[in-house]
Amino acid sequence: MTNFLRTSDFTHRELDSLMESAIAQKNVPTGEKPLAGKSIALVFFNPSLRTRASMQVGIYELGGNPVILEPGGTTWTLEHREGVVMDGDKTEHLAEFIRVLERYVSAIGVRTFAALQDWETERTDPILNAFARYASVPIINLESAMHHPCQSMADMMTIRERRVGRPTVREGTPHKAKVLLTWAWHPKPLPMAVPNSFALAAAQFGHDLRIAHPQGYELDEDLMDEIGRHATESGGSVEFTRDVHAAFDGVDVVYAKSWGGKQFYGNAAADIEHRAPLRTDWIVDEAKMARTNDALFMHCLPVRRNVIVTDAVIDSSRSIVIDEAENRMHIQKTIMSEIIG
Ligand code: CP
């Protein structure tokens, strides 16, 4: 393993091995320090609670030293495009940033959200891929325009720990769950890295995935084709619905997330207008949860209460959002141990 950019760079068997190792370390920590004497840079272009804290604490627990950098905040603004004349607001090029940084550190984690301005460019994950192109040390994706693989691995780990769904004899998929990924209303458009990665990982792990969203919020077509292929290979399935009520019928897991429409990139006002009538229906509430198979409720956090999900659902015993956040640290420690240790 060199970089950790998206789960589809790894086989189901490799992902399963990472997950089992993370569960074992969580339950019976060995206290090993594979990062002793090593520093890891964590580059945050965007805000974070869980990712930043879990990486910082995880690196410490593995014996290493986290170096937090915030381009445009406490470090220089960064240009990632090749061949540009840097006469704008960007002070330093990634070419020098990376080559200097890797003289100090053993790996680089990077968070770089979609700017929601130019779909055709942003769907290629240009900044994350520029980091990977320039670097000779491992790059860990801490959420890019299109993927949040540390989150989706923590999500899959949390589902596995709960043993929901039905037992299988398939190697690497001890339980196969009916999993609903549902769009939810939010006052403004958000990136789609989390739903992309959740859907991808659920397919790779062989779950039966249902994706519910209103018209106008279709996910990337190429990625959906890829997800369909993974589901077929892993014995899972993928289906789509625009019926926000029937979507909940019989599922074992409800995963809520809002995202922006591809066609609205560069025009947030149009997206906000398009979604206005969706506010009342596209929320996870008790009535919808009552249609499920006593489903677990999941969300990557941060979440807007009584907008994405009602208090009654997120505060219920079926809500596992805090366990999900805890597992970010366990899976990331395993990923770092594998690629840096
Ligand atoms: N889920 C997640 O990545 O949380 P943060 O944005 O707080 O890091």
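The values are calculated or read from the model by the stated rules, or taken from the named source; none is laboratory data. Computed from a prediction, not measured in an experiment: that's the story for all the values here. Here Cβ is always computed from backbone atoms with ideal geometry, including for glycine, and neighbour counts include all displayed protein chains. Heavy atoms of the whole protein, side chains included, go into the accessibility calculation; ligands, DNA and RNA do not. Shrake-Rupley method; radii C 1.70, N 1.55, O 1.52, S 1.80 Å.
See the values below:
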| read-out | value |
| --- | --- |
| Candidates Asn306, Asn293 - the one that is surrounded by 14 or more Cβ atoms within 10 Å (Cβ to Cβ) and away from the ligand (no atom under 16 Å from the Cβ) | Asn293 |
| Hits in the stretch 309-328 - residues which are closer than 19 Å to Asp252 by Cα, open to solvent by less than 10 Å² (accessible area, probe 1.4 Å) and touching a residue at least 60 places away in the same chain (Cβ under 8 Å) | Val309, Ile320, Glu324 |
| The stretch 20-73, residues that are assigned to a helix (DSSP H, G or I) and within 16 Å of the ligand (Cβ to nearest atom) | Arg50, Thr51, Arg52, Ala53, Ser54, Met55, Gln56, Val57, Gly58, Ile59 |
| Answer from His330, His299 - the residue that is within 22 Å of Arg242 (Cα to Cα) and not hydrophobic (A, V, I, L, M, F, W, C) | His299 |
| Wholly within the stretch 97-200, helices (runs of 4 or more DSSP H) carrying at least 1 residues that are closer than 28 Å to Gly58 by Cα and open to solvent by 20 Å² or more (accessible area, probe 1.4 Å) | 126-134, 149-162 |
